[in-house]
Each structure stands twice: as structure tokens, then as C-alpha cells.
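Bear in mind that the values in this text are calculations on the coordinates, not laboratory data. From a predicted model like this one, the values you see are computed outputs, not experimental measurements. Here the Cβ positions follow ideal geometry from the backbone for every residue, glycine too, while neighbour counts run over all protein chains shown.
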Amino acid sequence: MNWGDLKAIVGYSPRTSALYRARNRGEHEWHLDRMLLADMADSLRWLVWAKSADAQHGRNRPEPIPRPGVKPTAERIGSPMGIGNVNEFLGWDQG
């Protein structure tokens, strides 16, 4: 066996192998079937929500199941504050 063979073994190891799991932590559990199941669950939750009173008012829309490698679409506004700044903002006494 030479270095090229070893590179091929490492690069093309099956998703179920320990080598693949060690190289791709967290992603090895999300095969196509699990992605499709998560999509089905998201769709079902959306359909249930669509028939609710919350949907009529456009609130409490269900969040999709987080998937590895997919960035959330929710936008964070602002920046984090320290507890001292929060207390000052709220006017709480530091007693």
C-alpha cells in the first residue's frame, strides 16, 4: 500500500465507518433519509400551524428542525450586553 492508496481509503470511506465519523463530527448522522424525514416533520408542523388561530394572525410560526451545515434564516438584531449594562438599562439597583 502506498500513500495514494491510503488517501483513497480515507477520502472515500463510507459514511457508516468510524473513520468518516471521526472526520465529520455531527454530519455523519444526517444522511439523505434523515434530511427528508426532518423536512417531512417541518412540513407537518407547518400544516398543523396553518390551520390554527395563530396562523390567521401570522404569529408563532413553527421553527424548522436545525440541520448540520444549514445556517438558520433568522436574523439576530443587536449585540450582546453585559449584566451590568442590563441592570443599568432597567434601572435596577446594584444593592
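What the pair-distance distribution of the chain shows, using all Cα-Cα distances binned every 10 Å from zero, is 12, 22, 20, 21, 16, 7, 2, 0 percent. Quick one: angle between helix 32-50 and the longest Cα principal axis of the chain, in degrees between 0 and 90, rounded to 10, please. Once rounded, one gets 20 degrees. Distance between the pseudo-spin-label points of TRP49 and ARG23 (7 Å out from Cα toward the beta carbon): 3.7 nm. Normalised by the number of residues in the chain, the mean separation of alpha-carbon contacts (under 8 Å, six or more apart) gives a relative contact order of 17 percent.
If R0 is 30 Å, the Cβ-Cβ spacing of ASN2 and ARG34 corresponds to a FRET efficiency of close to 0.25. On the beta carbon distance between THR73 and VAL10, with R0 = 35 Å, the FRET formula returns roughly 0.55. Loop-located trypsin sites (Lys or Arg not before Pro) in the stretch 1-57 (DSSP state not H, G, I, E or B) with no more than 16 neighbouring Cβ atoms inside 10 Å: ARG15, ARG25, LYS51. Comparing SER79, SER13, SER52 in a Gaussian network model of the chain, where Cα atoms under 10 Å apart are tied by springs, the biggest mean-square fluctuation is seen for SER79. The chymotrypsin sites (Phe, Trp or Tyr not before Pro) of the stretch 30-95 that DSSP puts in a loop, and whose beta carbon has at most 15 other beta carbons within 10 Å, are TRP92.
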